[in-house]
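J.: This is the structure I want to talk about, given as structure tokens.
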Amino acid sequence: MKKLFLSGACLVALSSQPVMAQTVGIDVIIVRVAERSGCTHLTVERKGQEPEEIEFDWDSRIGKKWERASKGYLEALSKLYQQGYQVQTTIPGAAYTDGGTVNTTLVFTRTTSK
């Protein structure tokens, strides 16, 4: 009887799929960053949703422009990290001749349960 029970338990264990494979998915979002003189514009693109637009100024006339830019980035990207997203890759952009706009793309992912 013990052999029969042990054989049955082994067959059940072998036939089942790992739990991790059944419950894990990956969410991907794209964040486009456009920087121009005195202003940064972020567009957060999620599958099946309207894009989220975030804009913050860091004009040098206001004072300490780099500190203001850092605060804007910190606030915007902290929200994504709190939602479980992590940067996977960065696609660097180039400066354009249309007034100095620099575009960069960030790819964020997070693991989710289905």
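No lab work stands behind these numbers, since they all come straight from the coordinates. Predicted model, so just to flag it, every value in this text is computed and none were measured. Please note: Cβ atoms are built from the backbone with ideal geometry, for glycine as well, and neighbour counts cover all protein chains shown.
J.: Pulled fully out, how much extra length does the chain show between Gln82 and Glu50, if you take 0.36 nm times their separation in residues and subtract their Cα-Cα distance?
T.: Taking 0.36 nm per residue and subtracting the Cα distance, the gain is 9.5 nm.
J.: Which value in nm describes the separation of the simple spin-label points at Lys71 and Thr105, placed 7 Å from the Cα toward the beta carbon?
T.: Label-label distance for Lys71 and Thr105, simple model: 3.2 nm.
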